[in-house]
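One structure below.
Each value in this text was obtained by applying a stated rule to the coordinates, not by laboratory testing. Here the structure is a predicted model, which means the values were calculated and not measured. Please note: Cβ atoms are built from the backbone with ideal geometry, for glycine as well, and neighbour counts cover all protein chains shown.
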Amino acid sequence: MLNWFSLAWGNLVRRPVRSGLAVSGLAASIAVLVCLWSFGNGYRRALNTELDRMGLQMMLVPLGCPYDAAARVLKGQNLDNSLPASVLEAARNDPAVAVAAPLLLAAVPRPRDGRTDMWVGLDETALDLKPWWKTTSGARWFASEDSVILGCDAAETEMRSAGDRFYSPETGQKLQVSGVLERSGTSDDSLFFVPLSTAQRMFHETNRLTAVAIRLRDPTLVRGASERLQKIPGAQVVTMTEMMGTFLNLVGAVRTLSTSVAAVALLVSVLSVFNTLLATVIERTGELMVMRAIGASRAQVFGLITLEALLLTLAGTGCGLVGALLLGPGLEGVVKRFVPMAPVERLLVPSLQIFSATLVMGVAVGVLSALYPAWRASRLHPAAALKGD
């Protein structure tokens with residue numbers, strides 16, 4: 001077996017350029033497929049986790065595209081319009097609502113620093129939706145109306161800790177840091193939190209809200225509650241289940257399109273491996289006939305060409321897996337810009353299941369690519385080699 005392996009490997013390395021091109025094409029296709037599979041699985045898992053941690057079943061948002069509005073709120077991004085404060089009271093009066101937490105979000109551009117800060121105004125009911133909130137220093141809530149709680153990234157950027165004075169030149173506000181949140185891996189890490197009344201005063205949004213986050217007394221009451229809350233003037237309801245389904249469908253459609261493109265690239269790679277093997281068989285016709293003349297059976301010749309194909313495709317598959325691990329983080333950074341509610345944590349974490357499926361696919365590619373070249377090589381007649389030139 002070792003002799004056949006050495007012979008197959010030697011035949012491949014005798015033509016390094018041709019073999020290298022076949023391996024490179026297959027590796028690129030494999031890397032893209034692995035990244036797509038890993039990203040899709042990671043996005044679904046992280047989205048489920050992030051929505052579960054938010055502890056809410058629905059949101060009231062201004063009229064417009066409900067899913068875009070909800071996604072912006074959950075990611076701490078600004079909205080173009082707002083809700084009247086009366087919406088909050090109407091939501092709290094619904095018998096199915098356990099918690100209705102008002103939110104006011106505002107973007108504060110800082111062109112000198114090349115960034116935009118996101119400020120969030122909330123009241124104490126937000127703690128009922130965020131029981132996992134913990135602070136690395138200071139208090140978990142505001143000490144006064146002129147207090148601010150910083151996400152861990154915001155605190156690092158501003159170089160502030162609990163008890164420090166904080167001045168926002170863009171809004172002209174002098175505040176004191178009540179606390180700094182522990183890292184949560186969500187958008188909270190980069191946000192600036194202030195009391196709702198303070199945010200309304202800072203951003204001239206008196207009696208206005210960006211959204212109302214709602215937790216129900218019983219999640220099974222979501223349909224009835226949604227129908228009632230939908231009747232509130234100036235507001236619309238979006239449930240987290242609907243939003244997650246919409247996002248996953250969108251990502252699924254993009255993933256299907258991308259996978260189709262990768263599948264075409266994989267087919268091209270199969271043809272490349274096929275062409276490499278067929279060209280090798282044609283060039284080595286004399287050599288293969290001599291092998292048949294000195295006793296090699298048709299099955300052994302067929303197996304030799306198939307082994308060469310497997311070595312070629314396994315090399316391409318291995319390089320593709322390594323490429324996915326090395327290039328995945330960069331590709332993820334690009335993809336995250338185009339998907340809604342992209343979680344902060346890393347998503348491209350290939351699993352053993354994906355690796356196993358990829359290896360099986362690599363073996364299948366090798367076998368399929370080798371069928372005709374190996375059959376053609378096995379049909380060579382040994383008598384032709386005895387006639388000489």
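For segment 142-158, the Karplus equation 6.51 cos²θ - 1.76 cosθ + 1.60, evaluated at θ = phi - 60°, returns couplings of 6, 7, 7, 5, 9, 10, 9, 10, 9, x, 4, 5, 4, 5, 5, 5, 7 Hz by residue, with Gly and Pro reported as x. The slack in the chain from Leu127 to Asn275, taken as 0.36 nm per residue of separation less the alpha-carbon distance, amounts to 46.9 nm. Computed extension length for Leu63-Trp141: 25.0 nm, one decimal, from 0.36 nm per residue of separation with the Cα-Cα distance subtracted. Remark: segment 109-116, residue by residue, has Karplus-estimated 3J(HN,Hα) of x, 10, x, 5, 9, x, 8, 10 Hz, where x stands for each Gly or Pro and the curve is 6.51 cos²θ - 1.76 cosθ + 1.60 at θ = phi - 60°. DSSP beta bridges confined to segment 64-233 are antiparallel in about 75 percent of cases.
When Leu150, Leu267 are arranged by Cβ crowding within 10 Å, least crowded first, meaning fewest neighbours, the order is Leu267, Leu150.
Amide H to amide H, with H built 1.01 Å from N, Leu191 comes under 5 Å of Gly151, Ala154, counting only residues 5 or more places away or on other chains. Assuming R0 = 35 Å, what is the FRET efficiency of Thr285 and Ala263, from their Cβ-Cβ distance, to the nearest 0.05? The calculated FRET efficiency here is 0.55. Footprinting exposure proxy ranking of Thr306, Thr220, fewest other C-beta atoms within 10 angstrom first, gives Thr220, Thr306. Cβ-to-Cβ counts within 10 Å put Trp133, Trp119 in ascending order as Trp133, Trp119, the fewest first. Spacing of the modelled spin labels on Asn3 and Met159, each 7 Å from Cα toward Cβ, amounts to 7.4 nm.
You can think of it this way: the chain between Trp375 and Leu326 has 13.8 nm of extra reach, that is 0.36 nm per residue less the Cα-Cα gap.
Which shape class, rounded, prolate or oblate, goes with segment 64-233 when its Cα gyration tensor gives a ≥ b ≥ c as root eigenvalues, a/c under 1.5 marks rounded, and past that a/b bigger than b/c marks prolate? Note, shape of segment 64-233 comes out prolate.
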